[in-house]
1. Looking only at helices (runs of 4 or more DSSP H) that fall completely inside the stretch 233-344, which ones have 3 or more residues that are surrounded by 22 or more Cβ atoms within 10 Å (Cβ to Cβ)?
2. Yes or no: the stretch 208-217 includes at least one residue that is surrounded by fewer than 18 Cβ atoms within 10 Å (Cβ to Cβ) and either among the aromatic types (Phe, Trp, Tyr) or at pLDDT below 70 (or both).
Amino acid sequence: MRFLWLAVKDLTLVARDKKAFLTLIMMPLLLIAILGSAFGNMMKEDEAVSIKKFTLGVVNLDQGQLSRVLTEEVFSKNLSKQIAVKYYQEDELYKKIQDHKLEIGIVIDKDFTESLMSGKGTKVQLLTVPDTVIKATIVQNVIEQFSRLVPIEAVVSQMSQPVQAGNQGGIDIEGYGKKPLINETTIDAKTKPVSSFQYYAAAMGVMFLLMTVVEGVSTMVLEKEQEVFNRLLLTNLTYSNYLLGKMLGLITICLTQAFIIILGTSLLFGVDWGASVSGIIVMTLAFVINASGLGVLVGSLMKTEKSFGVAGMLGTQIMAALGGSMVPLYVFPDWVVFITKFLPNGLALQTYLDLMSGAVISKILPAIAASVGMGLFFFAIGLIRLSLERRGKYA
């Protein structure tokens, strides 16, 4: 347990540094407030913009007369200025919506015409991506209005015909409409849209955690440069104990900063980090291990504190830009977003956004495992690097 006193030493130095407190705690909250407020106003202005024409994916399993009237006459012709209809197979429609290549679609049951004409009611499955409430409402209202007109017109038409004995085949208008017409199924139905404050709370949080790691590793490099590291080794402190102590100190500092940011943004700005508290805690720990492991690895490679300071801050800014802290992830192509998952901050940010959107801990387990795995891998490489450096120097 020799590494514990080294971790305690680093924590004590940070606790006594008022400048570090302002940098680690106050700056993230200030930036989150500024960016969240600025982009939040822009989003409110966008909400006033009228709905543009959108594509409605259709799977018609019925192929009856009424389903053709609904799709071809009502949607394709009468609503052609607002809606473009495109037909798919059922599996293809699900895939398009899951991949967010299509925002809204409907699946018409095979007995749509027969059930509607008999007054039994029927179901149309409405599939949407998250945050398409207005478009979903438009489609739902059209279908419900269509379903109300069909039996009325059928009754009027039947009343103009001679009355048949027993009213065979008649429409039970009294029982019509009691069964739901629309069965809405949203792909990832629990997914909620992420607000600007939520996005920048997570984005600024992971960026400042990277900066904290850089500051912590700078101390490690300075100790190497001033021969403090070699003197520590004379106290029977092994390479693994040294690195473990440094990493434990970094993890503790970063966890403290992370939870202050999470609590601060929740209390001050009402940021919802998601319902899965366990997911937030475990993912934060996984990200801190990942970032600290990378920092320890880079610190083992650097010779002087000055060179590390320049490289560390430059690397942090590049990682922050690519990971979505400076520019929202949705402006990047899909392949860039996928690549950013190999960055500690990029993976953490995307996972936090998933949690904010309603994901449970089971859904983010792969991201947690990847973060912890990368952190331990970086730590192992740093340990090997220090061992080789020591052997080369004293061989």
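The values are calculated or read from the model by the stated rules, or taken from the named source; none is laboratory data. Predicted model only: the values in this text are computed from it and were never measured. All Cβ positions, glycine included, derive from the backbone under ideal geometry; neighbour counts span all protein chains shown.
1. 239-269, 277-301, 305-323
2. no
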